[in-house]
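Taken together, the values in this text are just the output of simple stated rules run on the coordinates, not laboratory data. Just so we're clear, the structure is a prediction, and the values are computed from it rather than from any experiment. Note: ideal-geometry Cβ built from the backbone for every residue, glycine included; neighbour counts use all protein chains shown.
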Amino acid sequence: MNITATLNADITPAGSDYETVRRVIEMITEDYRDQPSLDDLAARLRQPPTQLQKTFTRWAGLSPKAFLQAITLDHAKRLLRHEDMPLLETSFEIGLSGPGRLHDLFVTHEAMSPGEWKARGAGLTIRYGFHVSPFGQALVMATDRGLAGLAFADDGDEQACLDDMTCRWPNATYVRDDEATAPYAARIFDPERWHPEEPLRIVLIGSDFQIRVWEALLRIPLGQAVTYSDIAGQLGQPTASRAVGAAVGRNPISFVVPCHRALGKSGALTGYHWGLTRKRAMLGWEAGKA
DNA sequence: GGGAGTGGTCGTA
DNA sequence: TACGACCACTCCC
């Protein structure tokens with residue numbers, strides 16, 4: 001059975017649907033103060049309102065109007081409010097030593113040794129493939145130890161996206177193998193397939209500091225967010241928020257390591273390596289699943 | 001809103 | 001090694 005085809009049919013709109021959704025998100029983002037109506041949005045996209053509503057809701061799990069509310073600053077601030085649940089601290093106690101089961105995708109992770117990191121991927125074979133995802137073309141990269149990379153590209157930008165990822169581990173051997181990476185894509189973007197009994201294996205390749213930051217991100221549950229300074233504080237270096245931002249920005253397994261759940265202290269989305277629109281898309285999509 | 005301070009990383013010498 | 005530039009930040013005026 002063709003997993004990609006199943007994925008398309010099940011949860012992922014065709015590529016052009018992401019384009020539609022992306023444009024809706026952009027319009028909502030630019031004009032959210034005017035609270036654009038469904039009719040306004042549909043008119044600008046030259047689509048019937050009912051069809052747009054259907055496409056968008058199928059993709060996000062919530063209507064354009066609900067989505068509009070989900071990506072406003074107020075909502076972001078609510079995600080950040082954790083006085084009744086000191087997120088990172090409690091997660092820390094539950095167990096750093098064991099596999100990172102706290103992640104909603106049920107991830108077990110291992111880190112590359114410092115030696116392997118210094119070798120910049122030498123001796124490592126990385127299989128990669130492009131797959132349709134709710135957030136555009138997804139570049140999936142895997143070693144035999146598990147998922148090592150996940151990146152996103154708009155149509156036509158696949159090569160730039162691949163270059164961006166391969167230059168991180170320039171000495172690795174890269175093999176295009178869509179068949180090997182398709183099961184990862186199928187699973188990652190379908191919450192129905194997130195099961196604790198079959199954790200997703202991921203491999204973190206990065207510096208010591210980066211890995212500590214990425215592990216902190218893995219402890220943020222679906223529908224929650226933390227600030228860069230929260231993470232810095234949790235690492236015992238409360239003034240290192242800017243360094244945390246830089247490390248978050250180097251996250252090689254976008255979405256799975258939920259870097260989109262890191263926000264500025266004001267609740268503003270600040271930046272995202274694969275585009276702010278995509279960060280909004282992820283938060284909105286999660287708002288529909290949480 | 002903008003300037004200063006921040007800590008990790010990377011390129012260069 | 002050492003230094004400077006670069007950052008998905010934050011604080012303070």
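Some notes on this structure:
- Projecting label points 7 angstrom from Cα along Cα→Cβ for A:Glu158 and A:Arg250 puts them 2.9 nm apart.
- Contour minus Cα-Cα distance for A:Gln51 and A:Asp208 (0.36 nm per residue): 51.7 nm
- For chain A, calculated [θ]222 nm from helices alone, where every DSSP H run of n ≥ 4 adds -39500 (n - 2.57): -13500 deg cm²/dmol
- Contour excess over end-to-end distance, with Cα ends at A:Arg81 and A:Arg176 and 0.36 nm allotted per residue: 29.9 nm
- Here the calculated FRET efficiency for A:Leu73 and A:Arg44, from their Cβ-Cβ distance with R0 = 25 Å, stands at 0.60, rounded to the nearest 0.05.
- A simple spin-label model places pseudo-atoms 7 Å from Cα toward Cβ; at A:Ala122 and A:Lys65 they are separated by 6.1 nm.
- Lysine pair count for chain A (Cα-Cα distance under 28 Å; residues 8 or more apart in sequence or on different chains): 13.
- Cα gyration tensor, region A:120-227 - rounded (a/c under 1.5), prolate or oblate: rounded
- Fraction of beta bridges assigned by DSSP in chain A that are antiparallel (%, nearest 5): 50 percent
- Here the peptides A:170-178, A:249-257, A:41-49 are ranked by packing, the mean other Cβ count within 10 Å, and the order with the highest first is A:249-257, A:41-49, A:170-178.
- Ranking of A:Glu19, A:Glu197, A:Glu215 by count of other Cβ atoms within 10 Å, fewest first: A:Glu197, A:Glu19, A:Glu215
- In the distance distribution for chain A, Cα-Cα pairs more than 33 Å apart total 21 percent.
- Counting 0.36 nm for each residue step from A:Ala290 to A:Glu192 and taking away their Cα separation leaves a gain of 34.0 nm.
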